[in-house]
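First the structure, in the form of structure tokens, and then the observations on it.
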Amino acid sequence: MRKSILIKLIAAGLAAFTAILSAGCESTDPVQSSDGVFDTVSSEASENESTPADNSDESTAQESSEPEKEHVYVENGRFSLPDNAFSFALAEGWEMTDNGIAYQFANEESVNNTFNLVAAETYTDIGDTTETQMTGTYQSMMTDFEVIDFQHTKIDGMPAVFMNISGKYSMMNTDTVIYQYAIQADNMLYTLSFTQGGWDDGFSDMITELVDSIEVNIVE
């Protein structure tokens, strides 16, 4: 129950923060494929079926209506978005548990710790992002709020912002530490939020390894 509430709170915080940087642009639906809605080609039978042109049209329609291959989010220990624009190594024991508001990840051996990914369109330069913009949403949801670190950096050559905050969610009244990375690639913003709700020596190491493994590609 506690973990379920925590995930919902973090997802809400992520969605609110992403909306700020998206500057009114539409969010990318995590479960939508990179090609959006697939068009299928249909053709009516010609009155003269014996002509080569008619046979060609029928063949094209059949090929176009073949189902698209379903995207596998985690393969060979690596998570990737449907368009392969963003990917990272997923440590052993961690798995994707949901792809609704955000892509959510959990580990049965690390029940108090979790992380999320949100992908959204943005036309705001992340280089202009301030500490207040990054922390404001969480500050309004937490007591004993503290900004431990905030800095502009680069991840896989892309401009990024890192913040580390701590506090207590009012619904839970337990200490929570959040590590958040917002990475911009052209007009896409990828926000990773790692939430530590309990002591775990391996969690910080997992974060470091995951961030070091991130690969970002700009999709034309």
* Ordering Trp199, Trp94 from largest to smallest accessible area (1.4 angstrom probe), what's the sequence? -> Trp199, Trp94
* Structure fact -> So for the stretch 67-216, using the alpha carbon gyration tensor with a ≥ b ≥ c as root eigenvalues (a/c under 1.5 gives rounded; past that, a/b versus b/c decides prolate or oblate), I'd call it oblate
* To do: For Tyr138, Tyr123, write out the residues from largest to smallest accessible area, computed with a 1.4 angstrom probe and no ligands counted.
  => Tyr123, Tyr138
* **Restricting the stretch 80-120 to GluC sites (Glu not before Pro) in coil, as DSSP defines it, with at most 14 other Cβ within 10 Å** => Glu92, Glu108, Glu109
* To do: Just read off the accessible area of Ile218 with the full protein assembly in place, 1.4 Å probe, to the nearest 10 Å².
  => 80 Å²
* Just how much of Ser166 is accessible, in Å², when a 1.4 Å probe is used and the result is rounded to the nearest 10? -> 20 Å²
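The values are calculated or read from the model by the stated rules, or taken from the named source; none is laboratory data. None of these values were measured; they are calculated from a predicted model. When we count neighbours, we look across all protein chains shown, and the Cβ atoms used for this are built from the backbone with ideal geometry, even at glycine. Note: accessible area is taken over every heavy atom of the protein model, side chains too, but ligands, DNA and RNA are not part of it. Shrake-Rupley method; radii C 1.70, N 1.55, O 1.52, S 1.80 Å.
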